[in-house]
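To start, the structure itself, in structure tokens.
Derivation of every value follows stated rules applied to the coordinates shown; laboratory data play no part. Values in this document were obtained by computation on a predicted structure and should not be read as measured data. Quick reminder, even Gly has a Cβ in these numbers, built from the backbone with ideal geometry, and neighbours come from all protein chains shown.
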Amino acid sequence: MLELFLAKGAYVDPVAAHGTPLHGAAGEGQYGAVKILLDHNADYNKMVNGVTPLMAARDANSTECIKLLVKVQEEPMLKREIVASELISLGSISLKKKDYAVAAKLYSRAMQLDPDDAVLFSDRSLCWLHMGDGRKALLDANKCRKMRPHWPKACRRQGEALMLLKDYEGASERFLDGLKLDPVDTDIEDALRGSYEVLEDV
């Protein structure tokens, strides 16, 4: 009956005193009704009187409804992770092909889905470096360092950006920070040596 009612175009989320139909079904432990409502795009995050459908299911000790509501909430997050992973992979391919502008755009899109991934900021910083944009490279490098202050590569990215901006003393300091964190990193060691050589010629 519920499915037929919804199939005829009935609004799935009308709000009554107890909440929406999804609140009511979850609060009564009606698994079948909860599933039908979710299949018709009922708002599983809607809060009425300080209660969400998941909270209603928990109050009713309805394990099956709880599992279903948790699953439907996790699915968008999983999809976001999959899409972000695909964008990162495409960005890495573009970076290897030296399509730096394309790689930067792909990393930017991935950041919208996962804004706390320091590696993305490091990789996009590298793209800006190759495109000669020291300011943007430094902005991303600084964000990367803020997220992972003890990551040598974050220090290296800062140093590389500062070298491009001709702040050789600042670059030396960042490279030195990185070398202190990883004394056997030959790339940072070479970069530090290069910054000292430039400083001597200035």
Under 28 Å between alpha carbons, and skipping anything fewer than 8 positions from residue 71 in its own chain: which lysines qualify?
8, 35, 46, 79
For the chain, modelled as a Gaussian network with Cα springs under 10 Å, which listed residue fluctuates most, 39, 182, 117?
39
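Between residue 187 and residue 150, what length comes free when the chain is fully extended (0.36 nm per residue of separation minus the Cα-Cα distance, one decimal in nm)?
On the way: separation 37, 0.36 × 37 = 13.32 nm, distance 1.66 nm.
That pair, residue 187 and residue 150, stretches by 11.7 nm at full extension.
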Net charge around residue 64, counting only other residues with Cβ within less than 14 Å of its Cβ (Lys, Arg = +1; Asp, Glu = -1)?
+3
What aspartates and glutamates sit close enough to residue 153 to cross-link, taking a C-alpha to C-alpha distance under 16 Å and skipping anything fewer than 8 places away on the same chain?
117, 123, 140, 173, 177, 182, 185, 187, 189, 190
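When a/c reaches 1.5 or more, the comparison of a/b and b/c decides; with that in mind, is the stretch 141-185 rounded, prolate or oblate per its Cα gyration tensor? Let's see the in-between values first.
On the way: a/c = 2.39, a/b = 1.26, b/c = 1.90.
Oblate.
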Going Cα to Cα from residue 67, which aspartates and glutamates come in below 20 Å? Please leave out same-chain ones fewer than 8 positions away.
28, 39, 43, 59, 75
Two pseudo-spin positions, 7 Å from Cα along C-beta at residue 98 and at residue 59, lie apart in nanometres by 6.4
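Per DSSP helix of 4 or more residues, -39500 (n - 2.57); summed, then divided by the residues of the chain. What does that give at 222 nm, rounded to the nearest 500? Mind dumping the intermediate values first?
Working: 11 runs with 147 residues, N = 202.
-23000 deg cm²/dmol, from helical runs alone.
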Modelled label-to-label distance, residue 176 and residue 114, 7 Å Cα→beta-carbon offset: nm?
3.5
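Between residue 35 and residue 86, what's the calculated FRET efficiency when r is the beta-carbon distance and R0 is 30 Å? Round to 0.05.
0.50
Calculate, for residue 139 and residue 199, the FRET efficiency according to 1/(1 + (r/R0)^6) with r their C-beta to C-beta distance and R0 25 Å; round to the nearest 0.05. Let's see the in-between values first.
Working: r = 24 Å, r/R0 = 0.95.
For R0 = 25 Å, the calculated efficiency reads 0.55.
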Taking a ≥ b ≥ c as the square roots of the eigenvalues of the Cα gyration tensor, with a/c under 1.5 meaning rounded and otherwise prolate when a/b exceeds b/c and oblate if not, the stretch 19-61 is oblate
